[in-house]
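Trainee: Here it is: the structure, laid out below.
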Amino acid sequence: MNNNNLLNLGLNQRYINEASMYDSNLYIARVAVQYKDMYKVITVEGEILAKVSGKLAYSSNSIFDYPVVGDWVLLDRINNKSGDAIIHNILSRKSYFSRKAAGNRYDKQIVASNIDYVFICMSLNNDFNINRLERYIAVAWDSMATPVIILTKSDLCEDINDKVKQIEEIAIGIDIIVTSSINEDGYDEVKKYIKSGITIAFIGSSGVGKSTLINKIMNKEVLKTNSISENDKGRHTTTHRELFAIESGGVIIDTPGMRELGLISSDVDKSFSNIEDLEKQCKFSDCTHKNEPKCAVREAIENGTLDPERLERYRKLKREEEYNLSKSKQQERQKLKSMFGSKVEEKRKKYN
């Protein structure tokens with residue numbers, strides 16, 4: 001089979017080698033859209049509909065084991081001439097962006113997989129929020145992809161330099177691009193990341209301008225856009241995750257706006273690396289940064305090199321992450337117990 005048509009979508013030798021370990025009658029495809037119980041996938045012949053096999057569904061222990069947008073999968077056919085395709089296998093994910101499932105659940109929900117860059121979009125109008133940005137950065141670092149901060153709607157901001165300075169203090173080692181859809185500022189810098197085989201996931205709150213930016217990159221209107229509301233907040237446009245192939249090569253994955261981003265798997269330490277570096281300099285390894293002598297964190301606050309509010313946000317995110325992770329494990333134990341009864345508890349006691 002000729003996979004040349006999939007190379008621009010990110011297919012590489014690693015996936016080809018892994019696919020060769022399965023049934024030779026299966027075909028490689030990439031998941032473009034995830035519906036309730038169906039998927040739109042891209043094969044060498046184009047987009048087709050597919051559903052998971054009964055065996056794959058039966059062997060799945062959680063939603064994590066089902067295909068998501070960005071996954072490379074193996075199908076039984078490359079077109080729908082004889083009905084919908086069947087997904088038999090999911091190839092190993094090299095990276096994925098995840099968050100806590102909405103509501104009172106504590107499952108990990110994968111937003112997009114096999115991504116190279118995470119474009120964290122934030123508008124420079126009244127929706128600008130440093131606390132929210134720190135959450136996105138923590139989750140983006142955990143994805144194993146490289147985060148890039150895209151600031152939109154610069155034409156609506158009168159203190160751009162001040163806001164960029166605020167971000168530079170918390171976005172250590174992350175590229176920052178300022179854009180405007182009115183005069184197309186920053187678009188050339190954004191396009192430098194777009195290359196054949198590269199996958200970029202766009203994330204951000206509703207109405208920050210992701211759809212407008214994606215339409216500009218695609219050179220056509222693939223996504224509906226809405227104007228901002230009277231309170232200067234963006235209106236929600238994207239309702240589901242979707243993968244778009246760029247004609248010049250490369251892939252964009254758009255995601256629904258997420259005003260709340262619950263942490264259950266994140267890299268808080270890396271996103272707050274300046275505090276982590278200071279903690280290593282404290283005299284005591286278990287320093288609480290309150291009353292201990294020779295506390296490098298407290299000294300940094302006193303000499304003005306560390307914002308005490310940033311330290312408090314760091315502590316808050318760490319507590320939230322630990323709590324959600326604990327609840328997730330508890331929920332998983334309860335699920336296993338309901339499925340397999342007392343045997344799980346007996347096995348746990350035997351090996352603990």
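The values are calculated or read from the model by the stated rules, or taken from the named source; none is laboratory data. Please read all numbers here as calculations on a predicted model, not as lab measurements. Reconstructed Cβ throughout: ideal geometry from the backbone, glycine too, with neighbour counts over all protein chains shown. Only protein heavy atoms, including side chains, enter the accessible area calculation; ligands, DNA and RNA are left aside. Shrake-Rupley method; radii C 1.70, N 1.55, O 1.52, S 1.80 Å.
Trainee: Which parts of segment 16-55 would a label at S82 reach, counting a residue when its backbone N lies under 18 Å from a point 7 Å out along Cα-to-Cβ?
Mentor: 23-29, 43-46, 48-54
Trainee: Next up: I need the peptides 300-313, 68-81 ranked by packing, meaning the mean over residues of other C-beta atoms within 10 angstrom, with the highest value on top.
Mentor: On the way: 300-313: 13.9, 68-81: 20.4.
Result, highest mean first: 68-81, 300-313.
Trainee: Within segment 31-72, name every residue whose backbone N is under 14 Å away from a label modeled 7 Å from Cα of D23 along the Cβ vector.
Mentor: 51-57
Trainee: Please give the FRET efficiency for N303 paired with N215, using the beta carbon to beta carbon distance and R0 = 45 Å, rounded to the nearest 0.05.
Mentor: The pair N303/N215 has a calculated efficiency of 0.45.
Trainee: Taking H as built 1.01 Å from N, whose amide H comes closer than 5 Å to the amide H of I198, not counting residues under 5 places away?
Mentor: Distant-sequence amide H within range of I198: G250, V251.
Trainee: Right, another one. What is the Cα centroid distance between segment 43-77 and segment 120-189, reported in whole angstrom?
Mentor: 34
Trainee: OK, next. Using the structure shown, list the pairs from K195/K316; K165/K280; K210/K290; K165/K210; K163/K216; K216/K316 with a Cα-Cα distance above 30 Å, or answer none. Present the calculation step by step, with values, prior to reporting the outcome.
Mentor: Numbers: K195/K316 38 Å; K165/K280 26 Å; K210/K290 42 Å; K165/K210 22 Å; K163/K216 24 Å; K216/K316 37 Å.
Distance filter (> 30 Å) returns K195/K316; K210/K290; K216/K316.
Trainee: How large, in percent, is the carbon and sulfur part of the accessible surface of segment 19-121 at a probe radius of 1.4 Å? Mind showing how you got there, number by number?
Mentor: On the way: 2220 of 4680 Å².
Accessible surface attributable to carbon and sulfur in segment 19-121 totals 47 percent.
Trainee: What list of ³J(HN,Hα) couplings, whole Hz, do you get for segment 170-184 from phi and the Karplus terms 6.51, -1.76, 1.60, once you set θ to phi - 60° and write x for glycine and proline?
Mentor: These are the phi-based 3J(HN,Hα) values: 10, 9, 5, x, 10, 5, 10, 10, 9, 10, 8, 6, 6, 10, 6 Hz.
Trainee: Let me ask you something else. Can you compute 3J(HN,Hα) from phi for each residue in segment 78-87, using the Karplus curve 6.51 cos²θ - 1.76 cosθ + 1.60 with θ = phi - 60°, rounded to whole Hz and x for Gly and Pro?
Mentor: Ordered by residue, 3J(HN,Hα) equals 10, 8, 9, 4, 10, x, 5, 6, 10, 8 Hz.
Trainee: Mind listing the long-range amide H neighbours of D185? Cut-off is under 5 Å, sequence gap 5 or more, other chains count too, H placed in the peptide plane at 1.01 Å from N.
Mentor: For D185, whose amide H was placed from the backbone, the distant partners under 5 Å are S180.
Trainee: While we're on this one: Please figure out what share of the DSSP beta bridges in segment 52-206 is antiparallel and state it in percent, rounded to the nearest 5.
Mentor: 35
Trainee: On full extension of the chain, what length is gained from Y58 through E158, given 0.36 nm per residue of separation minus the C-alpha to C-alpha distance?
Mentor: Taking Y58 through E158 to full extension adds about 30.4 nm, to one decimal.
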